[in-house]
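Presented below is the structure to which this report refers.
The values are calculated or read from the model by the stated rules, or taken from the named source; none is laboratory data. On a predicted model such as this, the values are computed, not experimentally measured, just so you know. As a convention, Cβ positions derive from the backbone with ideal geometry for all residues, glycine included, and neighbour counts pool all protein chains shown.
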Amino acid sequence: MSVTPAPRSGSAQPLVAAALRVTLGVLFLSVWASNLHKGLYSTHGYQGLIHRYVDTGSAPEPWKALMRTVADAAVVTSKAQLVTELAFGLFLLAGVATRLVALGAAFFLGSLWLSEIGVPHEWIWSLVFPTLVAFAVSLLSAGRVFGLDRWLLEREPLRRLPRWARG
């Protein structure tokens, strides 16, 4: 059994990370456009979707209670989700604040996965892989290849950020 060496500076890892970042950005923008077209960002559409998840799914009861609270505040939360999904898509495509945005996207996607557990016609794995991709993108400095992070993080005062924050 052999051990695979760490990637060298000329490896494909940065390109793969950038491809994952762009793909995740496109996923967010396509879901955003689809949800906008379906009316799921309207107060009524948003409440209906969440209530369907609560009524038909098997998420843990404390999570369902949180979902009910979110649905009750749909006049605000529906618009917050509209802006969040659009921002995730645009920031990931541009490679801006990639580490932070991808981490936020991972938690967001993970929360959607939890909400969809047991919901009829929702495939249990549909959000697991995008969640894992988002975590990977947050760890791999994916905004430094074909993204604006490389340029932005070389500027003062961002250059003084700790290494973990700069990616």
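Couple of notes before you dig in:
- Long-range neighbours under 9 Å by Cβ, at least six apart or interchain, first residue surrounded by 20 or more Cβ atoms within 10 Å (Cβ to Cβ) within region 136-155, second polar (S, T, N, Q) and outside any helix (DSSP H, G or I): D149/S141
- Taken over region 69-88, the residue count meeting the criterion of being charged (D, E, K, R) and surrounded by fewer than 14 Cβ atoms within 10 Å (Cβ to Cβ) is 1.
- Of all residues making up region 68-94, the number that are acidic (D, E) and either under 30 Å from R144 (Cβ atoms) or touching a Leu at 6+ places or on another chain (Cβ under 7 Å) (or both): 1
- Single residue of region 89-133 satisfying the filter (among the hydroxyl-bearing types (S, T, Y) and within 21 Å of W63 (Cα to Cα)) that is surrounded by the fewest Cβ atoms within 10 Å (Cβ to Cβ): S126
- Close pairs (8 angstrom Cβ cut-off, 6 or more residues apart or separate chains): on the phi > 0 side of the Ramachandran plot and among the hydroxyl-bearing types (S, T, Y) in region 29-58, assigned to a helix (DSSP H, G or I) and at pLDDT 95 or above anywhere: none
- With respect to the conditions (1) of a type in the set (K, R); (2) under 28 Å from L153 (Cβ atoms); (3) free of Cβ contacts under 8 Å to residues at least 60 places away in the same chain, R99 falls short on a single one, namely (3).
- Yes/no for A65 being under 18 Å from V145 (Cβ atoms), surrounded by fewer than 16 Cβ atoms within 10 Å (Cβ to Cβ) and without any contact (Cβ under 8 Å) to a residue 60 or more places away in the chain: no
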